[in-house]
Each structure stands twice: as C-alpha cells, then as structure tokens.
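The values are calculated or read from the model by the stated rules, or taken from the named source; none is laboratory data. These figures come from a predicted structure and were not determined experimentally. So basically every Cβ, Gly included, is an ideal-geometry build from the backbone, and we count neighbours across all protein chains shown. For accessibility, only protein heavy atoms count, side chains too; no ligands or nucleic acids. Shrake-Rupley method; radii C 1.70, N 1.55, O 1.52, S 1.80 Å.
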Amino acid sequence: MGFFDFLTEEIAIDLGTANTLIIHNDKVVVDAPSIVARDRITGKIIAVGQQASLMQGKTHENIKTIRPLKDGVIADFDASEQMISMFIKNIPALKKKFFTPALRMVICIPSGITEVEMRAVKESAERVNGKEVYLIHEPMAAAIGIGVDIMQPKGNMVVDIGGGTTEIAVIALGGIVCDKSVKIAGDVFTNDIVYYMRTQHNLYVGERTAEKIKIQIGAATEDLDLPPEDMSVQGRDLLTGKPKQVSISYREIAKALDKSILRIEDAVMETLSQTPPELAADIYNTGIYLAGGGSMLRGLDKRLSQKTDLPVYIAEDPLRAVVRGTGITLKNLPKYKSVLIK
C-alpha cells in the first residue's frame, strides 16, 4: 500500500435524499442538495446541487430536475452516479490534481436498506474511482458525529430525521441492537404542507416554497416558547387561477404536520419497547439524541420528550452530524473497522 498512499485521497460521504455532504481533510467541502438537472435531448447533466435546486419546479420540457435518491436509497442509478462524480470533481483540493486520485471512501447508508441497494451504492462509488469503499449505517454515523462513545457497553438511542427516512436505533458495543427505519421524514413534512395549503387555503404551492415554509415557521407543537412570526406565502389560487398571497402562522403548520409526527413518535415508542431491559436502563439516564435536518423542527424535542418521558437532546449542527461521524470513522479506520460494512 505504502507507495500508493500519496496517490490516495480519503473522502467521507453522506449520501442523503435531500442533501449530499462530503468531508475531505477534516473539512466539509461539499454541502449541496441532492438534485441534478438533465437536458432531455442530449441526456447530459447540466447542473447539480445548488444550481439544480434553483431550477426545481421552474423547468421547460427540455430540462428535467431529478432527485436521484428516494427514501434514502438510489432510485435513479445513472443520475446518482453522475451527481456523485460531479460533486467529487468539485472538491477544490482534488481539482488541482493532474490525474484523478484513487479514493478511499466511507459512505453512509440507511439502516433499513437491502443487499441489492447496498451493492448499488458500492458500485456507484467504485465507478467514480473508489478503490476502497466502506459503508456505515446512518444512525451509527450520527451517534459518532454527536460525540457518543459507541464502543462502550452502554445503550444510546439516536433518532436521525433526514429527508427520506427517519432512522431510529439503540446502539451499544459498537453495534446496532435494535433499529427501525420509517419513510416519514423531511420530504413527507414538505408534502404535508403542500397538501394543507391546497385543502385549507385553496393555494397551490410548489415543493420549494413548502420547504421554505417548513424551515421558516415549521413547528411540531402549537405551544412554543419562542413562536416564529407569521409568514406570507405566494402561490396559485386554485379557484381563480390567479397568483395570490396568504399569511400563515406556525400553528397551522403544526396542525399540518401532526399526523406525520405522530407516526415518528410511534416508531420511537416501538423501538423503546423492543430494547433489552439493561439498555433501557441506560437510555433512562442518557436520554435520546436527535440528528438530521428534521430535528430542527421547532418544538419536536419537547414533544418527543413529553411522549417518552425521557430527556431529548438535539445534536449541534444536526444537518452535519452524520457526515461528521462518517469523517471520524474514516480518520480512525482501525478503531471503527468493526462498525463498517466492507
């Protein structure tokens, strides 16, 4: 290996349904939406990430925006591969290289993923010059990124609410003891908001607008300590067909998201009920850790805490907790060998 070491670059990838993040040399070098825009006629990819996300919902028939990952797994193999390779090519430190270096990579995947889907991720990585490809389960990476010492014989519960899936896992001794992966997460919240606006306000809003609403005034409960201000939302009036604007309060969004959040609560409760008693005792003391973009929903920590009677902590910078954890395993490969899937 020795001679090739200087030709090998190490990168950690969090391949998310909503965002893809890449760490290289301990720095987050890519943090962009997982979207590609493709020219229908030539089949070429014209934009990825931020640029492509600006096109979303605003394209004519020759351009199509694709989200290659659905529910945390690769839905469009070709597009996802091109997306990964374009992201990797955009890493500043690798741009300067005369030829593409071999890559040692750790990629994180949802825990409810099948063998076939796992192989799809691996093959994509190998095609973009990944010589050593390791996979790690998302809740595991999240736990490491939050700063939990996962090798201890102590139980820790992690809830990672991403874009496509919510991953719930109880982790001890460097392994997942019980886990549950539900396909209710950020994307579903966004669709709930679209549906609510349509049914309650006769206003048709696009996905990007709905996501803006979610980030600006989204809430999981109607009694917040620091309520956000009302937001004015523009869209198309379904009755007249004219563009119109309405004012929305966080209470309405809490109503819109209620059913989906209930299902996440249920999944957490179910995982707790499957936890071995010794680990349940640990969790009573350590509480629940939240990671992923969904954990930033106002009042969600409070609501989960009331439901479970456990303390609930939000990771610092929850959007990057998973990729941070993936990066840490990459730095200490020998220590975390047992955690990774070869």
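Annotation note: Cβ proximity below 7 Å between a residue of segment 253-268 that is closer than 25 Å to Ile171 by Cα and a residue that is open to solvent by 10 Å² or more (accessible area, probe 1.4 Å) and of a type in the set (Ser, Thr, Tyr) (sequence gap 6+ or interchain) occurs for Val268/Thr308.
Residues that are touching a helix residue (DSSP H, G or I) at 6+ places or on another chain (Cβ under 7 Å) and assigned to a strand (DSSP E or B) occur at least once in segment 48-60. Residue pairs whose Cβ atoms lie under 6 Å apart, sitting 6 or more positions apart in sequence or on different chains, and linking a residue in segment 25-41 that is within 24 Å of Gly293 (Cα to Cα) and outside any loop (DSSP other than H, G, I, E, B) to a partner that is open to solvent by 50 Å² or more (accessible area, probe 1.4 Å) and modelled with pLDDT under 95, are Ala32/Gln50; Pro33/Asn19; Ala37/Ile46; Ala37/Met55. Cβ-Cβ contacts under 7 Å between residues 6 or more apart (or on different chains), taken from a first residue in segment 235-246 that is within 20 Å of Lys212 (Cβ to Cβ) to a second residue that is of a type in the set (Phe, Trp, Tyr), are listed as Gly235/Tyr204; Arg236/Tyr204; Leu238/Tyr204.
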